Amino acid sequence: MRPPATWLGLLRPGDYAVVAAGIALCVYAGFSLWRGGAPEGLIVRAGGEIFAEADLSRARRIAVPGPLGTTVIEIEPGRARIATDPGPRQYCVRQGWLTRAGAVAICAPNEVSLILTGRGGDFDSLGY
Amino acid sequence: MTRSVIELTPTDTDRRIARHAAAAIALTVAEAVIPLPLPGLKPGLANIITLAVLARWGWREAAWVSLLRVFAASLLLGQFLAPGFFLSLGGALASLGVLAGAMHLPRRWFGPVSQSILAAFAHIGAQLLIARLWLTPHDGVFYLAPILGGAAVVFGLINGFAAAALLREPA
């Protein structure tokens, strides 16, 4: 077999389109499949009941009343955290910013929990 | 005792299919030596033969060559009826299905390179589906899709070039 004078000469116009479409498909698949874990919204529960559901598009604060006092949840685009909590050990506050879908911060003494929703959560359900 | 003699007379077509299948089998066995970085990621050099046969002798012969290759190569590699065999068979059937359509694309615009890439995508698509339904029943296998898709473009392109170069030769 002789090697052709120019390999590109073997390509026909539609072949370029097929190559481009193939690459585009891979890039699209990569972005949509590997972006997993980005949170879409959050759910705040107080005493086991849903207190608030919100998206993570803009910054704001939510005050949640509980048996010990008020837990303050701070939201920023793409992340959320428990800003203050009246609980004695402050575990949920020290957890810091939650950034992944399925991440949970639980202030058990004040019966408040914060969950980020989205595809690819790490657990099935949460009960008290 | 009467000796019963069954005489098979191979036609020219039979000989041609056997010759092409032999070449495809040789390529498959040769590429089995190459270590795979990922399960299912390989060049699929035998498809060069399938594409050339498709262009020159039609879909029926290409299907014969491709499927004979799947069976014979899996026997040679000790993979017959192992999971790899079913992935290979599923991929080959899907590729042939797509090629049955792709061969009717206008020749002026689409050459062997297009057919090669389309067939490669059909191949990995079928393999991912089989893997998802049977071997790894978890959506995690789809995380491989972008990598396998990239390989389909690259190896599809290379195999397509090889087939196009082969087809410049007289039959």
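If packing is taken as the average count of other Cβ atoms within 10 Å, what order do A:100-113, B:26-39, A:19-32, B:148-161 fall into, highest mean first?
B:148-161, A:100-113, A:19-32, B:26-39
Work out the FRET efficiency for A:Ala24 and A:Ala108 from their Cβ-Cβ distance, taking R0 = 51 Å, and round it to the nearest 0.05.
0.55
Between the alpha-carbon centers of segment A:16-34 and segment A:87-114, tell me the distance in whole angstrom.
39
Roughly how many nanometres apart are two label points built 7 Å out from the Cα toward the Cβ at B:Glu169 and B:Ser4?
Distance between the two pseudo-spin positions: 4.3 nm.
Starting with the highest mean, order B:129-136, B:118-125 by the number of other Cβ atoms within 10 Å, averaged over the residues of each peptide.
So the order, starting with the most tightly packed, is B:118-125, B:129-136.
In vacuum, with every alpha carbon of the protein assembly as shown counted as one equal point scatterer, what does the Debye formula give for log10 I(q)/I(0) at q = 0.12, 0.15 Å⁻¹? Two decimals, please.
Debye output, listed in q order: -0.81, -1.05.
Which is farthest toward the positive dipole end of segment B:12-166 among B:Ala162, B:Trp134, B:Gly150, measuring Cα position about the Cα centre, with Cβ charges +1 (Lys, Arg) and -1 (Asp, Glu)?
The Cα lying farthest towards the positive end belongs to B:Ala162.
Assuming R0 = 51 Å, what is the FRET efficiency of A:Tyr16 and A:Ile50, from their Cβ-Cβ distance, to the nearest 0.05?
According to the calculation, E is roughly 0.45.
In peptide B:139-152, how many Cβ atoms from other protein chains are near each Cβ within 10 Å, on average?
That works out to 4 on average.
How crowded by other chains is B:109-122, given as the mean number of beta carbons from other chains within 10 Å of each beta carbon?
For this peptide, the per-residue mean of nearby foreign Cβ atoms is 4.
7 Å from Cα along Cα→Cβ at both B:Ala32 and B:Arg60: what's the point-to-point distance in nm?
The answer from the label model is 3.1 nm.
Angle between the Cα long axis of helix A:13-34 and the longest principal axis of chain A, 0 to 90 degrees, nearest 10?
With rounding to tens, the tilt is 20 degrees.
How large is the dipole of the protein assembly as shown about the Cα centre if only Lys and Arg carry +1 and Asp and Glu carry -1, each at its Cβ, rounded to the nearest 20 debye?
Computed charge dipole of the protein assembly as shown: roughly 800 debye.
Please flag any cysteine in the protein assembly as shown that has no other cysteine's Cβ under 4.7 angstrom from its own Cβ.
Among the cysteines of the protein assembly as shown, those whose Cβ sits 4.7 Å or more from every other are A:Cys26.
Let me confirm one metric for peptide A:23-33, namely the mean number of other chain beta-carbon atoms within 10 Å of its residues' beta-carbons.
5
Calculate the FRET efficiency for B:Leu75 and B:Tyr143 from the Cβ-Cβ distance with a Förster distance of 41 Å, rounded to the nearest 0.05.
The pair B:Leu75/B:Tyr143 has a calculated efficiency of 0.80.
Every read-out reported here was derived from the displayed coordinates using simple, explicitly stated rules and does not represent laboratory data. Keep in mind it's a predicted model, so treat the numbers as computed, not measured. We place every Cβ from the backbone using ideal geometry, glycine too, and count neighbours over all the protein chains shown.
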